[in-house]
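Participant: I am attaching a structure below and will ask some questions about it afterwards.
The values are calculated or read from the model by the stated rules, or taken from the named source; none is laboratory data. Just so it is clear, the structure is predicted and the values come from calculations on it, not from any experiment. Using ideal geometry, Cβ is built from the backbone for each residue, glycine included, and neighbour counts are taken over all protein chains shown.
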Amino acid sequence: EEEVALKLSAPAVNPADHKARFRREARIGSLLGARSSGYVRALDWGEHGRLLYMVMDLVE
């Protein structure tokens with residue numbers, strides 16, 4: 001079992017733009033986290049209702 005961190009974000013005024021930015025952040029986090037230990041790796045992202053979430057490595 002692995003502990004992870006969740007980043008949650010409710011939609012802003014423009015939900016489509018907000019979702020695109022959040023998806024881009026997750027993609028960049030996935031790429032940079034896989035290449036360098038200096039970045040927190042994004043493992044997955046999705047939406048539950050209107051709430052967006054990102055699953056990331058837990059850094060303590």
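Participant: May I ask you to say which residue of 41, 50 is charged (D, E, K, R) and loosely packed, with under 12 Cβ neighbours inside 10 Å?
Facilitator: That would be 50, the only listed residue that is charged (D, E, K, R) and loosely packed, with under 12 Cβ neighbours inside 10 Å.
Participant: Now for a separate question. For region 19-55, how many residues are in contact with a Leu (Cβ under 6 Å, 6 or more places away or on another chain) and under 23 Å from residue 1 (Cβ atoms)?
Facilitator: 2
Participant: Shifting gears a bit: So, in region 15-26, how many residues would count as being of a type in the set (D, E, K, R), exposed (fewer than 12 other Cβ atoms within 10 Å of the Cβ) and under 12 Å from the mean Cα position of the chain (by Cα)?
Facilitator: Summing the residues that are of a type in the set (D, E, K, R), exposed (fewer than 12 other Cβ atoms within 10 Å of the Cβ) and under 12 Å from the mean Cα position of the chain (by Cα) in region 15-26 gives 1.
Participant: Considering only residues of region 1-18 that are touching a Leu at 6+ places or on another chain (Cβ under 7 Å) and modelled with pLDDT of 90 or more, which is farthest from residue 50 (Cα to Cα)?
Facilitator: Among those residues, the one meeting the criterion is 3.
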